[in-house]
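Asker: Please read through the structure below; I'll follow up with questions.
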Amino acid sequence: MTFSEDAWPRVSLIVAAHNEEAVIDQRIKNALETDYPFNRFEMLVGSDSSTDRTNEIVADCEDSRVRLLAFEERGGKASVLNRVCPEATGEVLVFSDANTYFHPDAIRHLVAILLAPGVLGVCGRLMLVDDKNTANADGVYWRYETSIKKAEGQLGAVLGANGAIYAIRKEHFVPLPSNTIIDDLVGPLMAKLRHGGRLVYAPNAVANEEAAHDLRAEFRRRCRIGAGNFQSLKWLWPVLSPTRGWTCLAFFSHKLLRWVTPHLMILAFVSNLWLASRPFYAVLLIVQVLFYAAAIVGPRFASLGKSWAVIRLAEMFVAMNIALLVGFLRWLRGDLSGTWRRTARREATSSIALGATNADG
């Protein structure tokens with residue numbers, strides 16, 4: 001779809017931030033280097049009770065298109081989005097994170113698809129890279145996840161979005177429950193339940209994000225996401241109605257079955273122990289034990305290159321499912337908070353940001 005420069009709708013890029021002084025300056029520079037029409041773009045930074053220099057850095061930006069909305073009381077990301085979105089002047093809301101860097105044409109790709117008839121929201125493609133701008137271990141999983149999203153897009157059954165890069169019309173934004181943990185799943189699907197329309201995957205709308213270096217912090221984040229997954233069922237259960245067609249099937253197979261995978265793994269192992277007296281199941285038990293052993297020793301092979309990738313994948317798979325199980329237990333306890341513990345960031349002087357800025361798209 002092609003527009004004249006004056007025909008593009010006004011866009012508001014919204015970033016929720018908490019103590020992001022290490023990356024927020026580079027994030028602003030990246031946002032302002034978008035090739036979207038100059039006078040039809042603004043950036044709103046919602047600062048969730050930041051206690052470092054985040055507010056000062058944003059306020060010092062001399063470009064009038066950048067606005068700071070600083071909140072003294074810590075409310076969490078959902079609370080920030082609920083308070084910032086009404087202040088946006090754009091017809092289109094684009095959501096992103098403080099440590100995400102858009103390719104210059106990313107917003108144009110999002111908006112062009114969003115304006116097509118029947119489209120409710122658009123999810124872009126996030127590329128996880130390390131500080132040398134190469135795919136990290138999580139990149140294998142992320143490519144798998146991206147392939148699923150692409151297939152769901154072909155069926156008209158995209159589930160939610162990616163908090164790093166997605167867009168929705170302002171008129172379709174649905175305020176989130178204040179303690180929402182997984183806003184990028186709950187928000188788009190609540191909008192779909194209320195307004196109808198399609199969620200679309202846009203592979204040409206690309207953003208870069210540096211993969212986590214603090215593995216303990218990443219594990220805590222995944223535990224929190226695990227709790228948020230089960231929390232989301234409180235609002236999204238209508239998506240499981242068979243009348244939703246492919247969306248129902250995708251939600252059941254892509255989301256719900258994945259969330260209960262830890263329970264199925266435990267059941268499979270216990271059942272295998274019970275049946276181990278039979279030759280076939282004895283071999284199967286040995287395979288399971290070897291798999292879990294590989295997951296335990298996986299971190300020892302972190303620096304040995306691609307030849308040990310299978311062992312690293314075993315480690316990552318098991319760690320993710322342990323995090324899901326911990327998240328499930330937190331959900332059972334009611335340990336659900338919309339606030340988040342910020343993941344440690346490196347200063348954004350690496351090729352992560354530069355790679356997005358210099359990309360051809």
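Asker: Have a look at Phe291, Phe251 and point out the one that is in a helix (DSSP H, G or I), more than 20 Å from Phe328 (Cβ to Cβ) and not aliphatic (A, V, I, L, M).
Answerer: None of the other options fit; the residue is Phe291.
Asker: Here's a follow-up. So in region 104-129, with the set limited to residues that are open to solvent by 20 Å² or more (accessible area, probe 1.4 Å) and under 17 Å from the mean Cα position of the chain (by Cα), which one is modelled with the highest pLDDT?
Answerer: Per the stated criteria, the residue is Arg125.
Asker: Please go through (1) at pLDDT 85 or above; (2) out of contact with any strand residue (DSSP E or B) (no Cβ under 8 Å at 6 or more places or on another chain) for Tyr144 and return the number of the only condition it doesn't satisfy.
Answerer: (1)
Asker: If you take the residues in region 188-210 that are in a helix (DSSP H, G or I) and open to solvent by less than 10 Å² (accessible area, probe 1.4 Å), which one is farthest from Ala250 (Cα to Cα)?
Answerer: Ala191
This table checks each residue for (1) closer than 21 Å to Ala106 by Cβ; (2) not aliphatic (A, V, I, L, M).
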residue	(1), (2)
Ala17	yes, no
Gln26	yes, yes
Glu33	yes, yes
Asn39	yes, yes
Ser50	no, yes
Arg53	no, yes
Glu56	no, yes
Ser64	no, yes
Pro86	no, yes
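Asker: Separate question: One residue is enough: does region 212-221 have a residue meeting the conditions closer than 21 Å to Ile148 by Cβ and either crowded, with 19+ Cβ neighbours inside 10 Å or touching a His at 6+ places or on another chain (Cβ under 6 Å) (or both)?
Answerer: Checked against the condition, which is being closer than 21 Å to Ile148 by Cβ and either crowded, with 19+ Cβ neighbours inside 10 Å or touching a His at 6+ places or on another chain (Cβ under 6 Å) (or both), region 212-221 yields no hits at all.
Asker: Can you list residue pairs whose Cβ atoms sit under 9 Å apart, with the first residue in region 156-171 being in a helix (DSSP H, G or I) and the second being open to solvent by less than 10 Å² (accessible area, probe 1.4 Å)? Count only pairs 6 or more apart in sequence or on different chains.
Answerer: Note: pairs meeting the criteria are Lys170/Ser12; Lys170/Cys85; Lys170/Ala88; Lys170/Gly90; Lys170/Val92; Lys170/Leu93.
Asker: From the list Arg300, Arg312, Arg333, which one is modelled with pLDDT of 60 or more, over 24 Å from Lys77 (Cβ atoms), among the charged types (D, E, K, R) and surrounded by fewer than 16 Cβ atoms within 10 Å (Cβ to Cβ)? Give the derivation first.
Answerer: Details: Arg312 fails: surrounded by fewer than 16 Cβ atoms within 10 Å (Cβ to Cβ); Arg333 fails: over 24 Å from Lys77 (Cβ atoms).
Residue meeting the stated conditions: Arg300.
Asker: Shifting gears a bit: Hey, among Pro238, Pro279, which residue is open to solvent by 20 Å² or more (accessible area, probe 1.4 Å), within 20 Å of Leu155 (Cα to Cα) and not hydrophobic (A, V, I, L, M, F, W, C)?
Answerer: Pro238
Asker: Follow-up. Give region 21-49 a look and list any residue that's under 18 Å from Ser96 (Cβ atoms), open to solvent by less than 20 Å² (accessible area, probe 1.4 Å) and either of a type outside the set (A, V, I, L, M, F, W, C) or in contact (Cβ under 8 Å) with a residue 60 or more places away in the chain (or both), or say none.
Answerer: Scanning region 21-49 gives Val23, Ile24, Arg27, Asn30, Ala31, Tyr36, Phe41, Glu42, Gly46, Ser47, Asp48.
Asker: Can you find, within region 172-184, the residue that is most open to solvent (accessible area, probe 1.4 Å) among those that are outside any loop (DSSP other than H, G, I, E, B) and touching a helix residue (DSSP H, G or I) at 6+ places or on another chain (Cβ under 6 Å)?
Answerer: So, considering only residues that are outside any loop (DSSP other than H, G, I, E, B) and touching a helix residue (DSSP H, G or I) at 6+ places or on another chain (Cβ under 6 Å), the one most open to solvent (accessible area, probe 1.4 Å) is His172.
Asker: Please indicate, with yes or no, whether at least one residue in region 65-79 is in contact (Cβ under 8 Å) with a residue 40 or more places away in the chain, aliphatic (A, V, I, L, M) and on the phi < 0 side of the Ramachandran plot.
Answerer: yes
The values are calculated or read from the model by the stated rules, or taken from the named source; none is laboratory data. Predicted model only: the values in this text are computed from it and were never measured. Backbone-built Cβ (ideal geometry, glycine too); neighbour counts: all protein chains shown. These area figures cover heavy atoms from the full protein model, side chains too; ligands, DNA and RNA do not enter into them. Shrake-Rupley method; radii C 1.70, N 1.55, O 1.52, S 1.80 Å.
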